[in-house]
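Remarks on the structure that follows.
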Amino acid sequence: MTEKELTIQSVLYRKKILQYIYQAKAGHTGGDLSCIDILNVLYNKVLRVSPETFNSPDRDRYVQSKGHCVEALYVVLASKGYFAEEDLNTICKYESHYIGHPTKKIKGIEQNTGALGHGLPICVGMAIAAKLDKKDYRVYTLLGDGELPEGSNWEAALTAAQYKLDNICVIIDKNQLQITGPTNEVCSTDPLPEKWESFGWAVREIDGNDIAALTAAFDALPFEKGKPSVIIANTIKGKGVSFMENQIKWHHGVPTEEQYHQAQHELDTVLQSLID
Amino acid sequence: MADQNIHTTSTSNQDIFSKTVEQLAATDTNIVVVTSDSRGSGKLVSFGQKFPDQHIEVGIAEQNLVGVAAGLASCGKKTFAVSPACFLTARSFEQIKNDVAYSNNPVTLVGISAGVSYGALGSTHHSLHDFAALRAVNNISIVVPADNFETAAAVAYAANCNTPVYLRFGKKAMPHLQETGKENFEFGKGRVITSGADIAIIACGETVAPALEAAKKLATQNIHATVISMHTIKPLDTNLLASVANTCKAVITIEEHSVYGGLGEACAAYLLQQGIHVAFKIMGIPDEYTVTGSQTEILNHYGISESGIVDAAVRLIQQKEK
Ligand SMILES: [Mg+2]
């Protein structure tokens, strides 16, 4: 996909995310909208995996540590053909596999996540396995900035550096908000680049809602041979819908009918301007 | 039961664990052992020297130990995560619940120096909660081998099991516990070591040895005991349990674990719900600040000894006959 096509795809994904959250009356709206550009570039440009190769031992792995933003993952996987999009009509319904966090019951999902601070240790194990088996697959995990105080992240960061895992890439969706408020007021993890560098990681900081910046960063992996890579993606929570951007209440807010139509209208306007 | 049935050895179950893993790794490059600065206590120094690539060290970081093990297992590695049971099943409980059990990554979790093995090091180092905690987690088996050959068989079973297993043992030298010499360990099936119609003593791990000693003593008082090594606590061998509860006058369970939530309560819950009413006693560590002392002193204090078990058996049968 070209940069322009990816930009259009992001708007389409945002519309789908809102559609299914509005329909299910549940979802992590703000975080879905902050991380969707990252998922878009990963699945449409970077990851060497498809529905056909999903069981191949050589596939790239993506583990979503911030499991609560599962609606973003669902709409991307549906667009790639892992399952029929109509399955998403069952999100959070009785006996549906499409629950509020990722599970392996759904094709395309590597690991059950939801409790925070779990993605990176699992990915370290996967990356060590790749080295043991002399395979060239890469392992990617998306962390929220709110989950960074979980100590297990930093335990795994140490092991990744110790084992020189340059086949692992962490992406931090740094939207600077969490359920209680601004991350810096809850538990600051700044200065973040210096922290990861001091843990032995190669760091890039980019605009995480910028398709070109994301593409360039992923193209540059590994940032340094023999070191694990981390992309600090500065994003906007609620990105793409004016009244949701940077608003804590949209952490898991569900739009009213009026808000829903306004949001879709805003996204349609952007879409039109991109197509014209 | 004859005296020669209990052979003392100088080999702990931990020694047998490491020896068995070395044997497996010699022909299977997919065997991987993960440690958290626990290679010494896990008797894995030699394994690390022989198979340096198959030994992953994460340092003192048990949450990471289990998460990394889950990732390795998801890529087809036959993964053993080895750490003292006290840390493995408490510090990393959420990783066990989610990354291993819920995600069905078939890790073998190896809880070493379990129960009160660490004796006078105190409660931080005791694991009296692990059966209870893990019994309540779906999709993980709990295996507590009594002697060296049960340990070897359990390790080999777990290595090739496609669902998660928790193996738990202590660090003291264990006698061989067998009557016939037939090493008939079968996952999920309790092992009847000796048979008698008066009382069934259902034990696990290191408590099987004193149960057998007690059975010999009881025989001199004309009380004939069945002794079972119930090495698989989950799934429980309910057929065997029902059969001995129906044929014996009384049942005693013994475990190096809290009396809450372990082998005893698992047996009690099954029997009661089946309508099998039998004189019943759970022996274990009571819900109190554990007495201080060596492993043997602590177990003796709570009656998990030849004389303690004899007393409990005699009392239970007397109660029943009243
Ligand atoms: Mg955040």
- Item | Selection from segment B:21-55 of residues that are touching a Phe, Trp or Tyr at 6+ places or on another chain (Cβ under 8 Å) and aliphatic (A, V, I, L, M) | B:VAL21, B:ALA25, B:ILE31, B:VAL32, B:VAL33, B:VAL34
- Item | Residue satisfying all of: in segment B:37-64; more than 8 Å from chain A (Cβ to nearest Cβ) and open to solvent by less than 10 Å² (accessible area, probe 1.4 Å); farthest from A:TYR163 (Cα to Cα) among these | B:GLY42
- Note on the structure: Heads up, the helices (runs of 4 or more DSSP H) in segment A:148-241 (entirely inside) with at least 1 residues that are within 16 Å of the ligand (Cβ to nearest atom) and within 14 Å of another protein chain (Cβ to nearest Cβ) are A:151-162
- Message: Please go through (1) in contact with a helix residue (DSSP H, G or I) (Cβ under 7 Å, 6 or more places away or on another chain); (2) in a loop (DSSP other than H, G, I, E, B); (3) not acidic (Asp, Glu) for B:LEU167 and return the number of the only condition it doesn't satisfy.
- Response: (2)
- Residue check for A:GLY114: within 16 Å of the ligand (Cβ to nearest atom) and surrounded by fewer than 24 Cβ atoms within 10 Å (Cβ to Cβ): yes
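Given the structure, is B:LYS182 part of a loop (DSSP other than H, G, I, E, B), under 30 Å from B:ASN104 (Cα atoms) and modelled with pLDDT under 95?
no
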- Restrict the check to segment A:55-65 and report whether at least one residue is at the interface with another protein chain (Cβ under 9 Å from one of its Cβ atoms) and crowded, with 20+ Cβ neighbours inside 10 Å. yes
- Query: Does A:LEU77 fit the bill of being free of Cβ contacts under 8 Å to residues at least 40 places away in the same chain and either open to solvent by 30 Å² or more (accessible area, probe 1.4 Å) or at the interface with another protein chain (Cβ under 8 Å from one of its Cβ atoms) (or both)?
  - Reply: no
- Item | Enumeration of residues in segment A:99-136 that are of a type outside the set (Lys, Arg) and more than 9 Å from chain B (Cβ to nearest Cβ) | A:ILE99, A:GLY100, A:HIS101, A:PRO102, A:ILE106, A:GLY108, A:ILE109, A:LEU116, A:ASP136
- Hits in segment B:88-126 - residues which are outside any helix (DSSP H, G or I), in contact (Cβ under 8 Å) with a residue 60 or more places away in the chain and open to solvent by less than 10 Å² (accessible area, probe 1.4 Å): B:THR89, B:VAL110, B:ILE112, B:SER113, B:ALA114, B:GLY115, B:VAL116
- Search segment B:21-37 for residues that are closer than 22 Å to B:PHE87 by Cα and in contact (Cβ under 8 Å) with a residue 40 or more places away in the chain and pair each with any residue that is open to solvent by less than 30 Å² (accessible area, probe 1.4 Å) and of a type in the set (Lys, Arg) when their beta-carbon atoms are under 7 Å apart and the residues are at least 6 apart or on different chains. B:VAL32/B:LYS77
- Task: Provide a single number: the residues in segment A:121-147 that are within 16 Å of the ligand (Cβ to nearest atom) and over 19 Å from A:ILE179 (Cα atoms).
- Result: 1
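Scan segment A:85-97 and tell me whether some residue there is closer than 22 Å to A:ILE171 by Cβ and either modelled with pLDDT of 95 or more or surrounded by fewer than 16 Cβ atoms within 10 Å (Cβ to Cβ) (or both).
Checked segment A:85-97: no residue is closer than 22 Å to A:ILE171 by Cβ and either modelled with pLDDT of 95 or more or surrounded by fewer than 16 Cβ atoms within 10 Å (Cβ to Cβ) (or both).
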- Note on the structure: Within segment B:65-96, the residues that are over 26 Å from B:GLY122 (Cα atoms), at the interface with chain A (Cβ under 9 Å from one of its Cβ atoms) and not hydroxyl-bearing (Ser, Thr, Tyr) are B:GLY67, B:VAL68, B:ALA69, B:ALA70, B:GLY71, B:LEU72, B:ALA73, B:CYS75, B:GLY76, B:LYS77
- Query: From A:ILE38, A:ILE91, A:ILE99, which residue is within 19 Å of the chain's Cα centre (by Cα) and without any contact (Cβ under 8 Å) to a residue 40 or more places away in the chain?
  - Reply: A:ILE99
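The values are calculated or read from the model by the stated rules, or taken from the named source; none is laboratory data. Since the structure is predicted, the reported quantities are computational estimates derived from the model, not experimental observations. Note that each Cβ is placed from the backbone with ideal geometry, even for glycine, and that neighbours are counted across all protein chains shown. The area values use the complete protein model at the heavy-atom level, side chains included, leaving out ligands, DNA and RNA. Shrake-Rupley method; radii C 1.70, N 1.55, O 1.52, S 1.80 Å.
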